[in-house]
1. Restrict the check to segment 432-447 and report whether at least one residue is over 30 Å from A332 (Cα atoms), of a type in the set (S, T, Y) and either open to solvent by 30 Å² or more (accessible area, probe 1.4 Å) or part of a loop (DSSP other than H, G, I, E, B) (or both).
2. Being modelled with pLDDT under 95, more than 30 Å from S26 (Cα to Cα), out of contact with any Asp or Glu (no Cβ under 9 Å at 6 or more places or on another chain) and surrounded by fewer than 18 Cβ atoms within 10 Å (Cβ to Cβ) is true for just one of R470, R478. Which residue is that?
3. With respect to the numbered conditions (1) open to solvent by 10 Å² or more (accessible area, probe 1.4 Å); (2) of a type in the set (A, V, I, L, M); (3) more than 34 Å from the chain's Cα centre (by Cα); (4) closer than 26 Å to G524 by Cα, which one is the sole condition not fulfilled by I57?
4. Consider D118 carefully, then state whether it is open to solvent by 60 Å² or more (accessible area, probe 1.4 Å) and under 30 Å from E310 (Cα atoms).
5. Quick test for you: out of H34, H20, pick the one residue that is modelled with pLDDT under 90, assigned to a helix (DSSP H, G or I), surrounded by fewer than 20 Cβ atoms within 10 Å (Cβ to Cβ) and not acidic (D, E).
6. For K417, state whether it is over 18 Å from F303 (Cβ atoms) and more than 34 Å from the chain's Cα centre (by Cα).
7. Please state which of the following conditions P202 fails to meet, knowing it meets all the rest: (1) open to solvent by less than 10 Å² (accessible area, probe 1.4 Å); (2) under 25 Å from R290 (Cα atoms).
8. Which of the following residues is open to solvent by 30 Å² or more (accessible area, probe 1.4 Å), at pLDDT below 95, touching a Ser or Thr at 6+ places or on another chain (Cβ under 7 Å) and not in a helix (DSSP H, G or I): P407, P416, P384?
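The values are calculated or read from the model by the stated rules, or taken from the named source; none is laboratory data. This one's a predicted model, so the numbers in the text were calculated from it and none came from an experiment. With ideal geometry, Cβ positions are generated from the backbone for all residues, glycine too; neighbour counts draw on all protein chains shown. We work out accessible area using only protein heavy atoms, side chains counted, and drop any ligands, DNA or RNA first. Shrake-Rupley method; radii C 1.70, N 1.55, O 1.52, S 1.80 Å.
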Amino acid sequence: MQGEADRQRELLDVEALAGHLLPAGSVFAFLAGHRLELFPPSMFADLFPSGRGRPSIPPEVIASVLVLQTLHGLSDRDAVDALTFDLRWKAACGYAVDGTGFHPSTLTYWRKRLAASDRPHRIFEAVREVVTATGAVAGKQRRALDSTVLDDAVARQDTITQLIASIRRVSRDVPDAAGLVTGHCTRLATVTGQDYTVTSKPPIAWDDETAREELVTALVNDALALLGALDVKAIEAAGGRAAEAVALLALVAGQDVEPAEGSDGTDGRWRIARRTVPDRTISTVDPDTRHAHKTRERRQDGFKAHVVIEPDTGLMTRVALTKTNGPDNSDAAVGANLVTTDPTIEDPADVQVLGDSAYASGPMLATLAAQQWAPVLKPWPLRPAVEGGFTLDDFTHDPAAGTLTCPAGITRTISPKGKVTFGAACAGCPLRQRCTTGERGRKITLGEHHQLQRDHRERAQDPDFQAVYRRHRPMVERSIAWLTKGARRVPYRGVTKNDAWLHHRAAGLNLRRLLNLGLTHQHGTWAIA
């Protein structure tokens, strides 16, 4: 059942004894005085539908601890220690001087309950409701989008390590699979003298390519033999950890290998593939983490945090954490979903959406056009087929007639798939050297939203467009800096847990920002002084 705090202060209540020592305008002082108004117990009533059982820790205490924990980047154990020994934390949570904290696993328990509920991000939403109530973003029609890569909490694994770990996981998580591993996965022991009870890498001549290929062959064939011995359909139908372990083994056994040189794929000889597959799993410990390339030079492994920010105040109105790659996780796809569902946008008219070129995709522009919102997005750069030559904007597009005219005045019809071929017309063209190096002339493929992107590039040349972009777009970098300061690495494994962490951190940062703007609570009303 849901617990309740005693509304009568204890004799040694920290806020009563030393509340005046808390820095004015700090998150500690604010929670000490207003945690019940911010996180009322009724907000968490659905987590405890039964009125029986031992009472929980009061929900406003847990919510306050979760916000302070993510704001200061502490582990569960360190957060509970702070609640026990730090007077600021005691005051913020309504504890007495001699009050002891709860067991660290209590925070894990609450996070699981929140994740399984209909409103897993209610703490962030509660702070956002305060943002709306104060009028801090009222009438502000600009929203800036950005993303940043957060490092994962696990180590990257190579193919050998992933194969061994996946087979060991199946042995642990699938009922009766341990015997199947012993009986069917014997090739590793034959090649190296080491079986799957050992966690270390097999002892082979690692500088010998033949020895490495023999090891890869043994591991892949062991994995395939194990999958063949399991009742995969029944395991998948049952779901749970067993199904996840089998799916991961099947993925790892195929993503990084290819038939060995001279093999047709039927003789059971394998090697590490001379390529990298899209959306590659890089760790069996956290299958959700991915390689990330924010720039060509900067490479990371982890997740991507997406934010929607009101640029004048720096307040985050929507956040989300996703994998770093895949079309559904692109900046534009996630950004479009976040900004169009932002509840702080009260008037849907005259909204401006700011972002860098990662957000200027055709589908994003189409989404904003459907909302009748103004995209203040840095356009995708155009690259000519010949250095210093003509770009796509040098060709005249007639969407009504369905034609494209080149700089030499040659007009061609656009195919239903958006393809345009100038072909033989390029043979004697005096502008050929500035247009194409192709032997068969210039070929162009127009995207579904080509005209939207063309119009946007033209609009971006307007000095007013550039002035708005330069004035308001950089403000998002300030909020990204607040978000990542001391928190560049996520604390958990998986998208779901780290998405919850991101929402709690954003709630803490928004609360701190509101306090800096002058947040007050008088006569039951939130306001900015």
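1. yes
2. Among R470, R478, only R470 is modelled with pLDDT under 95, more than 30 Å from S26 (Cα to Cα), out of contact with any Asp or Glu (no Cβ under 9 Å at 6 or more places or on another chain) and surrounded by fewer than 18 Cβ atoms within 10 Å (Cβ to Cβ).
3. Going through (1) open to solvent by 10 Å² or more (accessible area, probe 1.4 Å); (2) of a type in the set (A, V, I, L, M); (3) more than 34 Å from the chain's Cα centre (by Cα); (4) closer than 26 Å to G524 by Cα one by one, I57 breaks only (3).
4. Yes; evaluated as a whole, the condition is true for this residue.
5. On the way: H34 fails: modelled with pLDDT under 90.
Exactly one of H34, H20 is modelled with pLDDT under 90, assigned to a helix (DSSP H, G or I), surrounded by fewer than 20 Cβ atoms within 10 Å (Cβ to Cβ) and not acidic (D, E), namely H20.
6. For K417, the condition - over 18 Å from F303 (Cβ atoms) and more than 34 Å from the chain's Cα centre (by Cα) - is not met.
7. Here P202 meets the rest and fails (2).
8. Numbers: P407 fails: touching a Ser or Thr at 6+ places or on another chain (Cβ under 7 Å); P416 fails: touching a Ser or Thr at 6+ places or on another chain (Cβ under 7 Å).
Only one candidate qualifies: P384.
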